[in-house]
Amino acid sequence: MNGHFVVSDAGITLVAGGPVDRTTLRMALKHAPMLVAADGGADRALRHGAEPIAVIGDLDSISDAARTRLGAGRLHHVAEQETTDLDKCLRSIKARFILAIGVTGGRLDHALAALSSLLRYQKAGGAPCIVIAGRDVIFAAPRSLALRLPVGERISLFPMAAITGRSTGLRWPIDGLTLAPDGRIGTSNEVQDRRVTLDFDGDGMLVILPRRSLRMVIAALA
C-alpha cells in the first residue's frame, strides 16, 4: 500500500474530533461516501450513525466503546507526536480528493494547525483536501485553478506566504499585487464572471468560499 492505510479512486470523507453536526457529515458523505476518522473523530461519526472504515492517529482520544465497536483491524496507530492527527491522516490516505470535517476543533489554534497541514500536504503532492468549516470551505490553491461560480459570490484569497499571481473573473484582480499575511490580503473579493481563473507564482495561497460552492470546488480540484 506504499505507506497508505486507505486507498480509494474516489473521494474520502475525513472526520476529526472537533464539533461536527449531522447535516455537515451527510453533505460530505454525499460527495465522498467512504468515511475515515482521525482518532476521536470515530466517536463523532458513530454518534451520528456512521461507521468509519479506518481510524488513524495516535489514538489517545478514541473511546474504549468506539475501539470495541470498530475492532482492532480498523485502528491504525501512528505513534509519533511531532504532527497532528490530521497530518497523520493526510499522509496515510491516497484518494481522488478528501473532504475534512471537524478539523478546526472549534478553537483558533486547532484551525491554524489544520490550515498549516493543508499547505504541507499540498507541497508533498497529496490529493486535494477541502476543509468544511462552518459556512465555508477552505483549500490550498494549486498553482493554476479554474472555477465556475455564481456571479456575485464571495471569494477570499488568504496568503500564508508572499505570493504574486494573476486572475480573471474577479471584481478586484490580483495582477501586479504581492499578497502576504503581513501585508495586502485578498479577503472578501467577489466573482464578476462565472469563470474565475487563478494563477499563482508559488505555493501557500488559501481559497475560502461559501460551503454551497462545494460541488464546484470538487469539480475544479478533483
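The values are calculated or read from the model by the stated rules, or taken from the named source; none is laboratory data. What you are looking at is a predicted structure, and each value in this text was computed from that prediction instead of being measured. Don't worry about glycine lacking a Cβ; one is built from the backbone with ideal geometry, like all the others, and counts go over all protein chains shown.
Here segment 147-172 is the region considered, the condition is being of a type outside the set (A, V, I, L, M, F, W, C) and in contact with a Lys or Arg (Cβ under 8 Å, 6 or more places away or on another chain), and the residue that is farthest from F200 (Cα to Cα) is P150. Restricting attention to segment 68-88 and to residues that are buried (at least 16 other Cβ atoms within 10 Å of the Cβ) and modelled with pLDDT of 95 or more, the residue that is nearest to R44 (Cα to Cα) turns out to be L70.
For segment 55-79, a residue qualifies if it is over 25 Å from the mean Cα position of the chain (by Cα) and in a loop (DSSP other than H, G, I, E, B), and exactly one does: G71.
Kindly establish whether S8 is more than 13 Å from A100 (Cβ to Cβ), in contact (Cβ under 8 Å) with a residue 60 or more places away in the chain and of a type in the set (S, T, N, Q). Judged against the criteria, S8 is a match. Within segment 1-39, which residues are in contact with a Lys or Arg (Cβ under 8 Å, 6 or more places away or on another chain), outside any loop (DSSP other than H, G, I, E, B) and farther than 19 Å from R215 by Cα? Selection gives V6, V7, A37, A38.
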